[in-house]
Each structure stands twice: as C-alpha cells, then as structure tokens.
Amino acid sequence: MIYQVYVRSFLDSTGDGVGDLAGVRAGLPYLKKLGVDGIWLSPFYPSPQHDHGYDVADYCDVDPLFGDLAEFDLLVGAARRLGVKVLLDIVPNHCSSEHPWFREALAASPGSEARARFHFADGRGPDGDEPPNNWHAMFGGPAWSRVTEADGRPGQWYLHMFTPEQPDWNWRDPEVAAEFDRVLRFWLDRGVDGFRIDVAAGLFKHPELPDSDDPEADARTRDSVNPLAWNQPEVHEVWRRWRSICEDYTERDGFERLLVGEVSVPTAREHAQYVRPDELHQAFFFDLLSAPWDPDAFQKVISEAMQDIAGTGSTVTWVLNNHDQVRTVTRYGEPATEGSGLGAARARAAALLMLALPGAAYIYQGEELGLPEVVDLPDDVLTDPIFHRTGSRARIRDGCRVPLPWSGQASPFGFTSGEESAKPWLPQPEYFAEYATDRALADTRSFWHLYRDGLQLRGTLPQLGEGTLRWLDAPPGVLAFARGDDLVCAVNFGTAPTPAPVSGTPLLASGPCPAGVLPGSTAAWWIGNS
Ligand code: NOJ
C-alpha cells in the first residue's frame, strides 16, 4: 500500500503556508504507524507552479518552496531507516515553458534541433494564423499556442495537451529519451525506490498530427480519449527501457525498483498492455474510482480488471482517491455533506473493499482521516488551471488539495509550524477540527483506525496476499467475494440491513456490525466458511 503525499498540503515546516519536504520527513512516523509500505511524493521540482509542479523547469533539483537536495537526501535516509519506500512523480509528457530547452527552442529558428525536441509546426491558413490541427487541450482551449519569432513577427505554433505553460516533449527526438534516462538515473542514484509516471499513456502523438474527428473530446470528458494524441504503440518501448534501467539497479544492490503509471486508456485490455512483464510494474486502474456507488458497477469493473489485467499475470493497482478527484466521502454522499452520514459510511465500506482486493492499493493523504471535499472554497482562492481555463465553470481539483489538519481547534490545525505562520495556501474550513490527526488517533472508531487495522490485517493474513478472488452468492445490493479458502469480504451497497453471508462476528467492519447481519452502507471481513 502506497500513500500519496501531496507535498504542498501535507505539513509545512517553514511557516510559509506551503507544505515541504522537511514536513514530509516530520510526518514519516505518523505514516509508519498507519502502516504504509511506501510514499509517492507529488512533484517538488523547480517549477513556476502553473499546474502545481506538473510543469517542471528542472527535473533534477528541488524547488526552494519545498526545500533543497540536502533536505531531500535527509528525507530518503529517514524513510529508509523506517522501512518506508519513496517514489517520485516523474512528468515525461511535458515540461514547463520555463525549462531551459523550451526557452532555447523559442529563441531558435523553425526547423532547428532545439525546436525538434518539442512539437513546433507552421500554422494553417494564408498567414499561418490557424493552429496546425484542431486538437483541444485537456484543460480546455486549443492545444496549440503561437510564438513570436526573433524578428518580432508571429511565427510557428507549439503543442501543449494541458496548459500553454506545459509544452509537450517530442519523444521521437532521441535527445528527449536520452535526457529522461539521465533524470531517472539521477534520482535512482540518490536512493529512490521508483517513480509514479505522469500521463503514462501520453508521450507519443500520431506522427502526422492529423485533425481529430472529435477535437474537444478530451476537455469534455476530462479524459485522454483523443486516439491521435494518446496511447500510441511507440510508448511501450519507453516503458521497456525504463524497466531495464530499474532492473540494472536491482541487479547491483538487490532492491526492487517500482514503476507505476498513470494510465488512462479506454479498456482494461489496453491497460493490461502497460503492465506486461517487461514494462511497468503497476498502472492505476481508474475504473474503480470512477464507478458510481452501485454493486453492479463495482462488480463489473472488478471482474474486468481481474480477467483482463490480473488474468494476464499482472497486478491490478486500485485507487479510490487522488489529488485530481473529488474525495470519496463527498463523491459517495448525497449531496455534498460535511463528511458525516452516508458518504462517510460508504467511503469506509469502499476502503475495506479495496483493501481486500488482490493487487496494490494507493491511498491519498487525508483519505485515512475521512476528509470530505471542501466544496465551498471562494473563487478567488482557487488555483486549479482547469478552473481558470474553463471560464470558471469547472471547480474540480482544489477541494481535495486543502492542507491536512493535524491538531487543534482552529486553522492552521498544526499544518504550518513556523514562528510567524502564514495562512495555509488554501483555506481550511472550521469543521476540519473534527478530522485532525490527533483526534483520529485517539478515537478507535475513526477512519484512521479502520485504515490502520485493515492494513495490518492485509499485511499479515495470507488470504489477502497474492491470488485471486471468487464471487459469492449474495442478497440483492450486496457484493461478496472470498479470498483464499476462508476469508470473505462483503459490502452492502443498500441502506437496509441484510443477512450476513457468513455467520459469526466479523474480523473487521466499516461500521457497527452485529453477528449475522450486514447493515446498510457497510463492509466487513470474516474468516469462516464461504
Ligand atoms: C495528471 C496529474 O495527476 C495532474 O495533476 C496533472 O495536472 C496532469 N497529469 C498534467 O501533468
């Protein structure tokens, strides 16, 4: 189980209102107590922060906002001593418009080697003032921006599948591939255990960059569905090379390295191609995250994953929350609640379901506290480029990024700890007091204890290790499956109690669960005859 640390919102050691690497180091004992195997750090590299670090200006350094390389080394050392693995977030599809190679490309002329590292092209129309093709960017607006050439005239266009400040690399240029090999080695040499790969179905575009039949599909669905811009066959070659780089390190020191891809592709079958034995070790399977709270929907995505991904000998990587999605407590609630009630009960049940599935599980910071989405942030504090690029229509990603509450009754809830503490970079609502980690640890009924207990059992019960699952007959509205010979997990998606599929008291339950009954919006694990 890997815990996603969204660095700017985890813990601030300098008092500037933004979390940092020293804060992560200070929080390691807390994470160890929770029972995580490793952490994935969101990007902390030098960046103008147009997309909170997913616009990288230097892949081999630390932004002063988050610390420096010396602090990074301390963090890796501390994590190693605690037995916590460290994964970095690597962003190979695009960089920042402040990256030295992009600046060089802007200063160079059309057709130059410097421009070949990106997608520069002449515009269409008599004056070249129409973009080279009709693609739209994922975050809204055209996927092309026009540059001014050295002579002051409007010139070529460059491709950016996200914001204009995130130019896409041209992976058909060998220098780009070689540069990323160097970046990988730079961090592996510093002791990291692997990488979460941003936009891992990206990198290559159709070589001709032709018009798309449905150019706004990506922005409309907020998913990488343009078949000309994503999921090109050449990308698999990159993952084979990165895998072999990781294996070189393993051969040297015996420690496994891990590559986990953010892979968003149309079908589980295509997804499975990214986790072939010589490619990525893991790839997030987002279908569970996007499934509505409905037993048939959950059963369908789990069955597809087991058949098409696990069935090929690979592992399914489950995830219910991350820094791009509305938090489960709110997503499963009706309507957005402050975390009490239905949404929270369902989120707890979903957590037990996920932790019982065969494969890897990732949790996002605050998930272990049952944090709800902050739905009422005022417009003027929102920083998500999607909000700004969609004419303030899409309030999507700030609400799950609000800094964590650690202690106390009022903001900053122990999040920022400098002498003259600045306000957290996003305001924390008053009700965060209920979710502070100190309260969660002290209350055995908290989300925190559910996750901790679930993780402990997951680490010790052989039934929850490798293997598959077997669906069991269950009353309508209930999903039940067995792991191994005798572990049963059941989830009641309805609101009324049903008979439990197994007699006896459960080993662990997401809510009060008397023997023989499975209350509504509750999941439980039993050891017994299935
Ligand atoms: C996926 C990341 O999770 C998201 O936060 C980011 O905005 C895009 N990739 C672009 O890098």
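For the stretch 485-509, give me the residue count where each residue is open to solvent by 40 Å² or more (accessible area, probe 1.4 Å) and part of a loop (DSSP other than H, G, I, E, B).
The qualifying residues number 9.
For the condition outside the structural domain of Tyr30 (by TED's automatic domain parsing) and in contact with a helix residue (DSSP H, G or I) (Cβ under 9 Å, 6 or more places away or on another chain), what is the one hit in Leu457, Leu426?
Working: Leu426 fails: outside the structural domain of Tyr30 (by TED's automatic domain parsing).
Every option except Leu457 fails the conditions.
Sort out which residues of the stretch 290-334 are of a type in the set (Gly, Ala, Ser) and away from the ligand (no atom under 16 Å from the Cβ), and write them in order of number.
Those that are of a type in the set (Gly, Ala, Ser) and away from the ligand (no atom under 16 Å from the Cβ): Ala291, Ala297, Ser303, Ala305, Ala310, Gly311, Gly313, Ser314, Gly333.
Within the stretch 421-447, which residues are closer than 14 Å to Ser407 by Cα and assigned to a helix (DSSP H, G or I)?
Glu430, Tyr431, Phe432, Ala433, Glu434, Tyr435, Thr437, Asp438, Arg439, Ala440, Leu441, Ala442
Looking only at residues that are of a type in the set (Gly, Ala, Ser) and under 27 Å from Arg80 (Cα atoms) in the stretch 178-199, which one is surrounded by the most Cβ atoms within 10 Å (Cβ to Cβ)?
First pass over the stretch 178-199, keeping only residues of a type in the set (Gly, Ala, Ser): 178, 191, 194.
Now drop any that are not under 27 Å from Arg80 (Cα atoms), which leaves 191, 194.
Details: Gly191: 15, Gly194: 28.
Residue satisfying both the conditions and the ranking: Gly194.
Tally the residues that are aromatic (Phe, Trp, Tyr) and either surrounded by fewer than 22 Cβ atoms within 10 Å (Cβ to Cβ) or more than 16 Å from the ligand (Cβ to nearest atom) (or both), restricting the search to the stretch 128-170.
Going through the stretch 128-170, the residues aromatic (Phe, Trp, Tyr) turn out to be 135, 139, 144, 157-158, 162, 169.
Next, from what is left, pick out any that are either surrounded by fewer than 22 Cβ atoms within 10 Å (Cβ to Cβ) or more than 16 Å from the ligand (Cβ to nearest atom) (or both): 144, 157-158.
Result for the stretch 128-170: 3.
Please tell me if Glu279 is modelled with pLDDT of 95 or more and either within 16 Å of the ligand (Cβ to nearest atom) or among the acidic types (Asp, Glu) (or both).
The answer is yes for Glu279.
Looking only at the stretch 9-25, which residues are under 27 Å from His449 (Cβ atoms) and out of contact with any helix residue (DSSP H, G or I) (no Cβ under 9 Å at 6 or more places or on another chain)?
Result: Ser9, single match.
Is at least one residue of the stretch 401-408 away from the ligand (no atom under 15 Å from the Cβ), modelled with pLDDT of 90 or more, over 20 Å from the mean Cα position of the chain (by Cα) and surrounded by fewer than 18 Cβ atoms within 10 Å (Cβ to Cβ)?
Within the stretch 401-408 (the criterion being away from the ligand (no atom under 15 Å from the Cβ), modelled with pLDDT of 90 or more, over 20 Å from the mean Cα position of the chain (by Cα) and surrounded by fewer than 18 Cβ atoms within 10 Å (Cβ to Cβ)), the answer is yes, since at least one residue qualifies.
Does the stretch 279-313 hold any residues that are acidic (Asp, Glu) and more than 23 Å from Thr328 (Cβ to Cβ), and which are they?
Hits for the stretch 279-313 are Glu279, Asp308.
The values are calculated or read from the model by the stated rules, or taken from the named source; none is laboratory data. Because the structure is predicted, anything quoted here is derived from the model rather than measured. All Cβ positions, glycine included, derive from the backbone under ideal geometry; neighbour counts span all protein chains shown. Heavy atoms of the whole protein, side chains included, go into the accessibility calculation; ligands, DNA and RNA do not. Shrake-Rupley method; radii C 1.70, N 1.55, O 1.52, S 1.80 Å.
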